[in-house]
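Comments concern the structure below.
The values are calculated or read from the model by the stated rules, or taken from the named source; none is laboratory data. Fair warning: this is a prediction, and the values are worked out from it, not measured in the lab. Virtual Cβ from ideal backbone geometry, glycine too; neighbours counted across all protein chains shown.
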Amino acid sequence: MGKVKIITDTACDLTIDFLKENGIKIVPMTINFADRSYEDGFDLHRDEFYRLLAMSTKLPTTAQPTPGAFLKIMQEIMEQGDEALVITISTGMSGTYESAIMAQEQLKDKERVAVFDSRTASLGQGLLVLKAMEMAEAGLSKKEMIKELAQIRSRLFSVFTLDTLEYLQKGGRISKVQAIVGDVLNVKPILEVNREGQIVPREKVRGRRRALKRLLEIMAEEGRELYKQLITIGYSRCEEEANSFAEEVKKLYNVKKIRIGEISSTVGTHTGPGCLVVFFQGGSSLGS
């Protein structure tokens, strides 16, 4: 049997260049603005996306890849004599996992492909992709890789804050009145991804500085042996804050491995600019 090749979608927030350089196959999500649809990362890059987002009165929508997009890549991998492991954005946020399963069902040798629900997004999903890449290079089987990924997923915390409530309001998650009052009072939500892979509120604080400090406190409360981990940090149009936050993580918790990346169109559609998110492993299981 050949090697295990990794397939993922653009919600993982690893750059297209990085994924291609490391032989990871990428399936784009679709971003729908009022006058045009784009393939995330392929014909719509981060700078242009955030420019269009700022100009839009109506929030763009996102669409999952088609089963056909996954099927084409799966078939190409199998024709080379290899197997495939697909790592998707959470089923609690998108139907991408279902698209990949539908593609797998069309294969004659479907057991040569496995589909794994990350139950997260952004660089939390990216963290799992990076781990899968390491295991594939080490020659582990799909079964061994999925077992290890499931263990990491069960301990993975995805915690973030937003600079404005505007995009939660535009997306229908809160009312316009709540958004206006929240912004006037300088309320910054702390949100997290739960064990079902859904975004849920965790708490609220006053002020951006306090929100970022609170993320660090949550890492101390929930994290376990942070110094041994790869910590990933995502941001949208707030790179300087993300770099400063990473330095605090290194200083406070003696973390050696941190990966920072900007949130792509798929995730940025729902967070807007000013999102900062951290992904780390805790000591208790969140559910496998």
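Applying the criterion of being within 17 Å of the chain's Cα centre (by Cα) and assigned to a loop (DSSP other than H, G, I, E, B) to the residues of segment 31-58, the residue that is surrounded by the fewest Cβ atoms within 10 Å (Cβ to Cβ) is His45.
Scoring Gly207 on the criteria (1) farther than 19 Å from Val86 by Cα; (2) at pLDDT 90 or above; (3) crowded, with 19+ Cβ neighbours inside 10 Å leaves a single failure, condition (3). Residues of segment 233-250 include at least one that is within 16 Å of Phe157 (Cβ to Cβ) and not in a strand (DSSP E or B).
Do we have Leu71 as at pLDDT below 95, surrounded by 18 or more Cβ atoms within 10 Å (Cβ to Cβ) and in a helix (DSSP H, G or I) here? Against the criterion (at pLDDT below 95, surrounded by 18 or more Cβ atoms within 10 Å (Cβ to Cβ) and in a helix (DSSP H, G or I)), Leu71 does not qualify.
The condition of being within 18 Å of Asp163 (Cα to Cα) and aromatic (Phe, Trp, Tyr) holds for only one of Tyr235, Tyr227, that being Tyr235. Just to be sure before I move on: is Ile31 closer than 19 Å to Gln106 by Cα, in contact (Cβ under 8 Å) with a residue 40 or more places away in the chain and of a type outside the set (Asp, Glu) in the structure I sent? In short, no.
Taking (1) surrounded by fewer than 22 Cβ atoms within 10 Å (Cβ to Cβ); (2) closer than 20 Å to Val193 by Cα; (3) out of contact with any strand residue (DSSP E or B) (no Cβ under 6 Å at 6 or more places or on another chain) in turn, Thr91 satisfies each apart from (3).
Conditions tested, residue by residue: (1) of a type in the set (Phe, Trp, Tyr); (2) under 18 Å from the mean Cα position of the chain (by Cα); (3) buried (at least 20 other Cβ atoms within 10 Å of the Cβ); (4) in a loop (DSSP other than H, G, I, E, B).
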| residue | (1), (2), (3), (4) |
| --- | --- |
| Ala84 | no, no, yes, no |
| Val115 | no, yes, yes, no |
| Val129 | no, yes, yes, no |
| Lys143 | no, no, no, no |
| Lys147 | no, no, no, no |
